[in-house]
Amino acid sequence: MRVLLINPGMNLRKLGRFAGLLEPMPCIGLAYIAAALEQHGCFVRALDMFADKLSAEDVLSRIARFKPDLVGMGVLTPSAPICEALCSMIRARYPEVKIVWGGVHADVFGAEIVSRGFADFVVHHDGEITVCELVDGLAAGEVDYSKVDGLSWATTDGEVITNKPRALNRDLDSLPYPAWHLFPIHRYGLLPFADMAKPVLTMSGSRGCPYRCDYCSLIHTGGKTFRRRNPIKLVDEYEHLVSRYGVKQIGFIDPIFPLVKKDLKPFCDELVRRGLDKECVWLSETRADRLDAETCQMMYGGGCRRVLMGIESGSDLLLGNVNKTLKTSKVREGVAYAHAAGIQTVGLFMLGLPGETPETSEETIDFAIELDLDFAKFAVTVPFPGSKLFEDRWQKTLYRDDWENYTTFNPDPDLLIYHPHGYDPRELVRMQARALRKFYVRPRQLKKQFLELRTISPKMMLYGLYGMAI
């Protein structure tokens, strides 16, 4: 079987003045699927439309040359309209090619996507085993896919069926390493506040999350059940990325890494034993209440130089409104522990949470400044499909399927997907720009960025200043 995997682009015009801050990021989910298919004996190629700036016609010409039996796409909500248009063009020009979608958006709307003809199949949750069983069925000329767990599909009569969920893969170390050789890794970064060295790639130390924050849709990619990898096998993959691809920075994509403290010591000790802490730095996202003095010291010793913390708000009340079981007092402690160990800190904040007012937004901005973070990101709250916030709002007041506008940096207040009751959307957009200005345009912060950290490029700094101008 010949399989072409596509990481779709998105409509950057929707981001307006913030578009310059977005850079291509490693699409690890698609790279895992590619690796599973290669191991299964398929001839696989991959296209990254965003990284390589490919148009729809570029993709169609690649299809003409490669002649795939199956085209697969990883679909995020803002890219869904691009995927729909591209698949309609593929259908018209190459009707014999089968199409499969995966990713959070596809997982939530699988039956609708198949019924509308955008895809022949949708893979739900962990996709590595499901997609291999799918290609086996295609190769055998099957028309009945009812035995492929975790799949949505249509019968010859047009009936859309979603099969029973696939049992979670609890042996994540059995999966082959992501097939990065198929992707333009030299073009990848993370985000301006996350880049420390390049080349950069990502790793996954676990899947699933034990927490249930109302705004999070990640349970639709990793499952509700937390599963983790062997820490020594993680180091094996880390070494593989360094030796094969010359990677200088690794970003862990886990919602929280490390979550299990007892795994941290063998992981960091093994990195040091192999000398990998000197060859490559790493960063991860975590919760501030998972950080204590010992944890931070071990992380720094193993090569961690920066942590991203989902802080969200400076108001305990607003955190409670979205089931974020975190107190601002614990945030202060976690940030202090990281700084004491020499680890740089990035605070991730959300403006416009349920119940928020301009006054509580100011509390959040002031809290970010008080913490003396090295970087801060202020995103406008979006109820993404797959989250409890989306499910609640969709049923009551949302009814919005203009997917391109589901972005946390939307410059057009008239197109904001959601804003709290009584909070003028124009004021919310202005508050986001105000937060960026108030945090970054301070003598202490400017000195830190230009003279101490020096990891944000001048180009990205200019884009950031432009984004603040409103």
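Applying the condition of being polar (S, T, N, Q) and in contact (Cβ under 8 Å) with a residue 60 or more places away in the chain to the range 388-429 and asking which residue is farthest from residue 355 (Cα to Cα) yields 405.
Counted as qualifying within the range 280-377 are the strands (runs of 3 or more DSSP E) with 2 or more residues that are among the hydroxyl-bearing types (Ser, Thr, Tyr) and in contact with a helix residue (DSSP H, G or I) (Cβ under 9 Å, 6 or more places away or on another chain), namely 281-286.
Taken together, the residues in the range 313-349 that are among the basic types (Lys, Arg) and touching a Leu at 6+ places or on another chain (Cβ under 8 Å) amount to 2. Just one of (1) in contact with a Phe, Trp or Tyr (Cβ under 9 Å, 6 or more places away or on another chain); (2) at positive phi fails for residue 158. It is (1).
Could you please let me know if residue 117 is closer than 24 Å to residue 2 by Cβ and more than 25 Å from the chain's Cα centre (by Cα)? Reasoning before the result, please.
Values: closer than 24 Å to residue 2 by Cβ: yes; more than 25 Å from the chain's Cα centre (by Cα): yes.
Yes: the conditions hold for residue 117.
For the range 54-73, a residue qualifies if it is within 16 Å of residue 7 (Cα to Cα) and in contact (Cβ under 8 Å) with a residue 24 or more places away in the chain, and the qualifying residues are 54, 56, 59, 60, 62, 63, 68, 70, 71, 72, 73. Have a look at 271, 319, 234, 276 and point out the one that is crowded, with 20+ Cβ neighbours inside 10 Å, outside the structural domain of residue 26 (by TED's automatic domain parsing), closer than 30 Å to residue 123 by Cβ and not basic (Lys, Arg). Answer to the check: 234.
Against the list (1) assigned to a loop (DSSP other than H, G, I, E, B); (2) loosely packed, with under 15 Cβ neighbours inside 10 Å, the condition residue 23 fails is (2).
With respect to the conditions (1) at pLDDT 95 or above; (2) surrounded by fewer than 22 Cβ atoms within 10 Å (Cβ to Cβ); (3) within 22 Å of residue 83 (Cα to Cα); (4) of a type outside the set (Val, Ile, Thr), residue 158 lacks only one, and its number is (1). Quick one: in the range 389-441, of everything that is of a type in the set (Asp, Glu) and part of a helix (DSSP H, G or I), which residue is surrounded by the fewest Cβ atoms within 10 Å (Cβ to Cβ)? Going through the qualifying residues, I end up with 414. Screening 87, 42 for residues that are in contact with a strand residue (DSSP E or B) (Cβ under 8 Å, 6 or more places away or on another chain), buried (at least 19 other Cβ atoms within 10 Å of the Cβ) and under 26 Å from residue 407 (Cβ atoms) leaves exactly one candidate, 87. Exactly one residue out of 320, 303 is more than 30 Å from residue 244 (Cβ to Cβ) and free of Cβ contacts under 8 Å to residues at least 40 places away in the same chain: that is 320.
The values are calculated or read from the model by the stated rules, or taken from the named source; none is laboratory data. Quick caveat: nothing in here was measured; it's all calculated off a predicted structure. Note: ideal-geometry Cβ built from the backbone for every residue, glycine included; neighbour counts use all protein chains shown.
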